[in-house]
Amino acid sequence: MTITPAVRIFSYSGLNLPDPNPRFSPDEVKAAYAAQYPELATAAINGPEAVGDKLRYEFVRAIGAKG
């Protein structure tokens, strides 16, 4: 029997973002991508959801009104 770790996919706004480091927690991945996508700093993480042989996490922007 061979055990292989599940591949993680992170999605945001219709984009599939590769896993920058399998050892990172989902929060650490979010922080890593927040430099490129600043709105991720306050995003929620949904998942994981099994999609075939992969685990899909979704970054969901916080929606609210200022004021």
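Throughout, read-outs are computed from the coordinates displayed, never taken from laboratory work. Nothing here was measured: the structure is a model prediction, and the numbers come from that model. In this analysis, Cβ positions are derived from the backbone assuming ideal geometry, glycine residues included, and neighbour counts consider all displayed protein chains.
In the neighborhood of PRO26, defined by Cβ-to-Cβ distances under 15 Å, what is the net charge if each Lys or Arg adds +1 and each Asp or Glu adds -1?
Taking every Cβ under 15 Å from that of PRO26, the sum is 0.
If only Cα atoms are counted, what is the Rg of the range 7-60, and what is its Dmax, in Å?
Looking at the range 7-60, its Cα Rg and Dmax stand at 10.2, 30 Å.
Considering only the other residues whose Cβ falls under 11 Å of the Cβ of LYS54, what net charge follows from Lys and Arg at +1 and Asp and Glu at -1?
Result for the local shell: -1.
Search the structure for amide H atoms under 5 Å from the amide H of ILE9, placed 1.01 Å from N in the peptide plane, and list their residues when 5 or more places away or on another chain.
Result for ILE9 returns LEU55, ARG56, TYR57.
Quick one: go through the range 17-48 and flag any residue whose amide nitrogen is under 18 Å from the point 7 Å out along the Cα-to-Cβ line of ILE63.
Answer for the range 17-48: 39-47.
Hey, what number do you get for the chain at 222 nm if only DSSP H runs of n ≥ 4 count, each worth -39500 (n - 2.57), divided across all residues, to the nearest 500? Mind dumping the intermediate values first?
Numbers: 1 runs with 9 residues, N = 67.
After summing the helix terms and dividing by residue count, I get -4000 deg cm²/dmol.
Restricting to the chain, what percent of DSSP beta bridges are antiparallel, rounded to 5?
Antiparallel bridges: around 60 percent, rounded to the nearest 5.
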